[in-house]
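Values in this text are rule-based calculations from the coordinates and carry no lab data. Note that the structure is a prediction, hence the values are computed from the model and not measured. A quick note on method: Cβ atoms are made from the backbone with ideal geometry, for glycine too, and the neighbour counts reach across all protein chains shown.
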């Protein structure tokens, strides 16, 4: 009788090597997308940084768009996991908003350039490219789910559209956070300003309405 385990070891080793090369490519892509940006990074640059042959890149990814989506998906999952660990049991949307905004800013501080790079507008050079739309929808999904629950509970104004507002919140954070940093505001000040603004805009009966 032939021992089937005899043929498994080479297959397992080959699979492990392939997975390791893919991880190296993703790690290199992450570094380059953050350092150079999406538009200035080429597949051959990623392969060189990962110390693999140019052709090896195409054994794992069809093109730059595909590895960018993998990078952005990984960034979104990292953010989601990070935020989840920093939000305790909360009463409602208003309380969730404060913890979520603070966690997102903390994550950004610990991972400089990551969210900016993952949320880049890929349509700048190619108007037909829908990559950034897919990425933004992924990042907005967490806000959308929470907004939908809050609306069902009657916490939000009746005309609030959770899907639209979820995307709006991502855009708002993306555009205002860098400006807040340039203005010298602390994370606490930024979170308070954003939480107050969004609470006043969306919540029917805020539990606390800061005057500052």
### Highest-MSF residue in the chain out of 131, 199, 176 [GNM, Cα springs under 10 Å]
176
### Task
Sort 78, 63, 159 so that the residue with the fewest other Cβ atoms within 10 Å of its own Cβ comes first and the one with the most comes last.
159, 63, 78
### Query
In whole Å, what is the distance between the alpha-carbon centres of segment 28-47 and segment 51-118?
17
### Query
Per q in 0.09, 0.14, 0.17 1/Å, what log10 I(q)/I(0) does a Debye calculation on the alpha-carbon atoms of the chain return?
-0.46, -0.90, -1.16
### Query
What value, in deg cm²/dmol to 500, does the helix sum -39500 (n - 2.57) over DSSP H runs of n ≥ 4 give at 222 nm once divided by the residues of the chain?
-23500 deg cm²/dmol
### Summary
Counted neighbours (other Cβ, 10 Å), sorted fewest up, put 146, 160, 135 in the order 160, 146, 135
### Query
Which of 194, 169, 183 moves most in a GNM of the chain, Cα contacts under 10 Å?
183
### Message
Tell me the relative contact order for the chain as a rounded percent, counting alpha carbon contacts under 8 Å between residues six or more apart.
### Response
18
